[in-house]
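To start, the structure under review is shown below, and the notes come after it.
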Amino acid sequence: MKAYKDLSKDELRSLQTELQAQYEKLKESNIKLDMSRGKPGTDQLDLSLPMLDVLSGSTESFACADGTDLRNYGSLDGIPEAKALFADLMECPTDHVMVFGNSSLNIMYDLISRAMIHGIGGNTPWCRQEKIKFLCPVPGYDRHFAITESFGIEMINIPMDENGPDMDMVEQYVNHDSAVKGIWNVPKYTNPAGVVYSDEVVRRFANLKPAAPDFRIFWDNAYTIHHVYTDKKVEMLNIVEECEKAGNPDIYYELCSTSKVTFPGSGVAALVTSPANVAEVKKTLTLQTIGFDKINQMRHVLFFKNAEGMKAHMDKHAQILKPKFEAVLNCLEKELGGLEIGSWIKPLGGYFIAFDTIEGCAKRVISLCKEAGVVMTPAGSTYPYKKDPADTSIRIAPTLPTPEELRQACEVFVLCVKLASVEKYLENK
C-alpha cells in the first residue's frame, strides 16, 4: 500500500471507513489490558523465587562482616557485603556506595528534597534561591519530571539523538546559567527510546564546568545490565571514573537498583557517588532512619554472590524479554512499514519501545487504544509537564503481558495508529 501522505482525499475516506469497521469489531472483543507501566512479567518474577530460601529461621548466623546482627539496628548506609556487591556491579570503590531500601526513585526524591531544604556542598538551600532550573533530556522518564515539578523547579527540554542529549545545549545551560542545578539522565537503554550514551557524551558530562557550585548530574543507571539481546550487550564509559579524571569527583549522583532484577517491590537500591557526597547525605539520612532492611540486602548478596551472578541472572530475563520485544517490533514493521505514519527504534536493552506518530496524533492513538481496552502510558508523559510539543511520543511497555495478550495489544495499537493517521490527513486535506 502507498504511504498515507500520498493518498487522495477519496482514498483516505475509503480507508477510514474500512479501518473504522475493523476498530468497531475489535471493540466487541472486550479486551482489557494494561500496558501503562514497565513491569516484569510473572515468569520474570519467578526467576528470583529461590532467593526467598537463602535465609531462614534455621540460619546459623545473622551476623554480617562488620559483626552487625542483620536482625537489629545499624549499618545506616548498607551492610558491607551489599556495598561490595554494588561496587562490583557499578565498578567503583566501596566507599562510593550507599545501599538503601527497595526504591532508587525514593533516593532521587530525597536528594532533591535535601538540596531544597539543606543545600548541597554548604551552598544556599535551593528553596532560598531565586530561581531553580533542571535540564530534562526528552523523551524521558515521567517520574523524574514529576519529582522536579512537585518542587516547583523549572524544567527545560533537551532533545536527544542516537548518541544521547544535545551536549551543546547542555553545556550552554550548565556552564553559563547558575540557576541550572541539575540534569536528569537514564544513560543506558534510555526510558523510553533505548539509547545508550556515547563515549563522547559521557566525557562531555564529566567535563562540565557548572556556573552553579551546587549543580549535580543525576545519572539514573536503572538498566545498566538489562540487555534484551545477550549477544549484543552494549557497554558504556563509567561516569565515576570519567568524573574523577576530569577533576569533577563530586558532580554526579549515580543510581541503580535490583527492582527489575529480582522483585520490584522488594529489591535493593544504591547510590554511587563521591565520599564527600556520601558524608553529606549521611548527615540527614541519620535523621530519617537507623538503617534499611539488612536481611533483604543479605538475601540478595547470598543469592547473587557477585556482579557476575547478577549478570547471569539477567541473561535469563533476556531470554523471556527478547521474544516479547521482537513480537512488537515485527508487528510494527509488518503493519506499519512503508506507510510513513510512524517511526520506532529497535532497542538492545531496557524496558520500552519508543514510537513516534505523525505530528499531532499521539493523544488520539492513546485515546483510541483505551476505548478498545488497551491502557497505555498517557501521551505526553515522556516530556516535562506532560506536554509533548509535537504530540508524537508514545511509550510501549511490552514486558508484562503474556504472548497472547501482547498479540492482542499490538493488533489494537497498529489499528489505532492507522485510524488516527487517516483522521489527521483528512483533517489537513
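Numbers at a glance
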| read-out | value |
| --- | --- |
| Cα-based helix-to-principal-axis angle, 275-288 vs the chain, degrees rounded to 10 | 90 |
| Dipole axis of the chain (+1 Lys, Arg; -1 Asp, Glu on Cβ), positive-most option in 314, 425, 85 | 425 |
| Note, ³J(HN,Hα) from phi for segment 141-149, Karplus 6.51, -1.76, 1.60, rounded to Hz, x at Gly and Pro | 8, 4, 6, 4, 5, 5, 5, 5, 4 |
| log10 of Debye I(q)/I(0), alpha-carbon scatterers only, for segment 1-146 at 0.12 Å⁻¹ | -0.89 |
| Antiparallel bridge percentage (DSSP; both residues within the chain; nearest 5) | 45 |
| 10 Å-binned pair-distance histogram of the chain (Cα, whole percent) | 4, 20, 28, 24, 15, 6, 2, 0 |
| 10 Å binning of all Cα-Cα separations within segment 91-143, expressed as whole percents from 0 upward | 19, 37, 39, 6 |
| Distance between segment 393-420 and segment 123-167 - C-alpha centres, whole angstrom | 30 |
| Sites residue 343 and residue 6, calculated FRET efficiency, Cβ-Cβ separation with R0 22 Å, nearest 0.05 | 0.80 |
| Accessible surface of the chain [probe 1.4 Å, protein heavy atoms]: carbon and sulfur percent | 48 |
| Average accessible surface area per residue within segment 327-429, 1.4 Å rolling probe, Å² | 40 |
| Segment 86-169 - share of DSSP beta bridges that are antiparallel (%, nearest 5) | 25 |
| At q = 0.10, 0.14, 0.19 Å⁻¹, base-10 log of I(q)/I(0) for segment 64-211 (Debye sum, equal scatterers on each alpha carbon) | -0.44, -0.83, -1.27 |
| Listed pairs 27/429; 39/316; 322/346 exceeding 20 Å between Cα atoms | 27/429 |
| Helix-only mean residue ellipticity at 222 nm for the chain, each DSSP H run of n ≥ 4 adding -39500 (n - 2.57), per residue, nearest 500 | -13000 deg cm²/dmol |
| Sequence-distant aspartates and glutamates (8 or more away, or on other chains) whose Cα lies within less than 17 Å of residue 5 | 335, 340, 356, 359, 423, 427 |
| Farthest positive-ward along the chain dipole, Cα basis, beta-carbon charges - from 119, 330, 367 | 367 |
| Separation between Cα centres of segment 1-73 and segment 346-386, rounded to whole Å | 14 |
| Solvent-accessible area per residue, Å², over segment 21-83 with all protein chains present [probe radius 1.4 Å] | 58 |
| Convex hull (Cα only) mean projected area of segment 277-393, reported in nm² to one decimal | 12.1 |
| DSSP bridge orientation in segment 207-336 - percent antiparallel, rounded to nearest 5 | 50 |
| Cα long-axis angle, helix 403-428 against the chain (0 to 90 degrees, to the nearest 10) | 60 |
| Candidate lysines - alpha carbon under 29 Å from residue 282, same-chain residues fewer than 8 apart omitted | 83, 131, 133, 181, 188, 209, 245, 260, 294, 305 |
| Eligible aspartates and glutamates near residue 311 by straight Cα distance, threshold 16 Å, same-chain separation 8 or greater | 88, 91, 231, 235 |
| Interchain or long-range residues, amide H under 5 Å from residue 119's placed H | 126 |
| Whole-Hz ³J(HN,Hα) from phi, Karplus 6.51 cos²θ - 1.76 cosθ + 1.60, for segment 333-348, glycine and proline x | 5, 5, 8, 10, x, x, 7, 6, 10, x, 9, 8, 10, 8, x, 9 |
| Counting all C-alpha pairs of segment 40-81, share separated by more than 16 Å (%) | 54 |
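The values are calculated or read from the model by the stated rules, or taken from the named source; none is laboratory data. Since the structure is predicted, the reported quantities are computational estimates derived from the model, not experimental observations. Quick reminder, even Gly has a Cβ in these numbers, built from the backbone with ideal geometry, and neighbours come from all protein chains shown. For accessibility, only protein heavy atoms count, side chains too; no ligands or nucleic acids. Shrake-Rupley method; radii C 1.70, N 1.55, O 1.52, S 1.80 Å.
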